[in-house]
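Data first, discussion second: the structure below is written as structure tokens.
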Amino acid sequence: MTNTKYLTKIEQIPEFDDEERVALKKVAEKFAFRTNEYYMSLIGWDDPNDPIRRIVIPDAEELDDWGSMDASDERTYTVAHGLQHKYGSTAVLLVTDTCGGYCRFCFRKRLFTNGHGEISRDVTDGLQYIRLHNELTNVLITGGDPLMLSTNKLGKIIQQLREIDHVQIIRIGTKMLAFNPIRVVNDHTLLEMVQKYSTDEKKIYIMTQFNHPRELTDIAIEAINSLLGAGAVIANQTPVIRGVNDDPKTLSELFKKLSFVGATPYYVFQCRPTSGNKTFAVPVEETYNIFQQALKDCSGLAKRARLIMSHSTGKIEVVGLTEEHIFFRYHQSTDPEQLGSFMVFKRNPDAYWFDDYRDPVAKYPDS
């Protein structure tokens, strides 16, 4: 299969009429637009509510005033140019500000919209920080999408990380297997690079983002199998998104298909309150119910995901509901003393984020 053409202007989409083009250009002027011909071929254009369309095509409701550009306060944890260190053992290396497509609900859309200089095309400072911090056993390479880099450039970054003895796991955060799996299937040098650096004792993890089961096309599954064959471990992350996967049947089908092809369901995220994201967000308690209903129809291998809010203070897992209360646990925390702690709040069906819950009814430290 040949490479796919990237599209960055609303005018390049022939399925829009003139009125739609005018409306959507206003959105794209505020929040950048990018897709490609392969991904566009997955859209059912006869359905105005098509979930694949919703992932990548601008929506006029994105202009509603809601949220902030840095909902998880990533700036606070930036310790070197292009490097975040929020949790003890994990560093996040931002290496590009381009993706195969721009998810309309992206939590890091500031990178594509306002020309922020948060990513680092020169990773020298970040690598030096990692060398000096022996506690860092995990490094996540992300952006943007690292698979938008040439294999040569990405390989040089991974080679330098592999030369740091205390870095055990290298993660590559990518939606390219959904947006443009041709990138993987056509590049044997990528698979050779993964095979070289994903060793018996130190694995490379490919952190995919499939949001809807229709993204798991034949060629996407071929890309998954190629990376598995090269020795990578694959795990999938997705937010729950209104109009995409916000019903138990769709989410359950996604979990099952991922487990069938060897991509572990990992985190399911609460949609972050990022600017422009209100139309995609689902209240926390509704998300929890969707998530739990989805798991009921899955085998144990398909129900390994955790429901998480990536809050400024840590990864907060949503672990239960009663008629009156909701229960949270710090799955990760910026404060080691909070790690594992359990919190009880009165229910708030209008809450979209942890900050919408006030005054815990009870809080229990991890025992």
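Below, the figures for the structure above:
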{"read-out": "Count of the range 270-287 residues which are aliphatic (A, V, I, L, M) and either crowded, with 24+ Cβ neighbours inside 10 Å or out of contact with any Asp or Glu (no Cβ under 6 Å at 6 or more places or on another chain) (or both)", "value": "2"}
{"read-out": "Some residue of the range 94-110 being surrounded by 22 or more Cβ atoms within 10 Å (Cβ to Cβ), within 22 Å of Q237 (Cβ to Cβ), basic (K, R) and in contact with a helix residue (DSSP H, G or I) (Cβ under 8 Å, 6 or more places away or on another chain)", "value": "yes"}
{"read-out": "From the options N277, N245, residue that is at pLDDT 95 or above and over 24 Å from C298 (Cα atoms)", "value": "N277"}
{"read-out": "Given (1) in contact with a strand residue (DSSP E or B) (Cβ under 7 Å, 6 or more places away or on another chain); (2) under 17 Å from E74 (Cβ atoms); (3) of a type in the set (G, A, S); (4) in a loop (DSSP other than H, G, I, E, B), number of the condition G101 does not satisfy", "value": "(2)"}
{"read-out": "Qualifying residue in the range 271-286 (condition: among the β-branched types (V, I, T), part of a loop (DSSP other than H, G, I, E, B), touching a strand residue (DSSP E or B) at 6+ places or on another chain (Cβ under 9 Å) and touching a residue at least 40 places away in the same chain (Cβ under 8 Å))", "value": "yes"}
{"read-out": "Among residues of the range 117-141, those that are modelled with pLDDT of 95 or more and touching a Leu at 6+ places or on another chain (Cβ under 6 Å), counted", "value": "5"}
{"read-out": "Residue within the range 32-43 that is among the basic types (K, R), surrounded by fewer than 21 Cβ atoms within 10 Å (Cβ to Cβ) and either more than 30 Å from Q168 (Cβ to Cβ) or touching a Ser or Thr at 6+ places or on another chain (Cβ under 9 Å) (or both) present", "value": "yes"}
{"read-out": "Unique match (being of a type in the set (A, V, I, L, M, F, W, C), surrounded by fewer than 18 Cβ atoms within 10 Å (Cβ to Cβ) and without any contact (Cβ under 8 Å) to a residue 60 or more places away in the chain) among I234, I204, I221", "value": "I221"}
{"read-out": "Residues within the range 10-23 that are closer than 22 Å to A178 by Cβ and either touching a helix residue (DSSP H, G or I) at 6+ places or on another chain (Cβ under 8 Å) or part of a loop (DSSP other than H, G, I, E, B) (or both), tallied", "value": "3"}
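Yes/no matrix, rows are residues, columns are (1) surrounded by fewer than 18 Cβ atoms within 10 Å (Cβ to Cβ); (2) of a type in the set (D, E):
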| position | (1), (2) |
| --- | --- |
| I316 | no, no |
| V319 | yes, no |
| D335 | yes, yes |
| Y352 | no, no |
| R358 | yes, no |
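The values are calculated or read from the model by the stated rules, or taken from the named source; none is laboratory data. Computed from a prediction, not measured in an experiment: that's the story for all the values here. For neighbour counting, all protein chains shown are included, and Cβ atoms are generated from backbone atoms with ideal geometry for every residue, glycine included.
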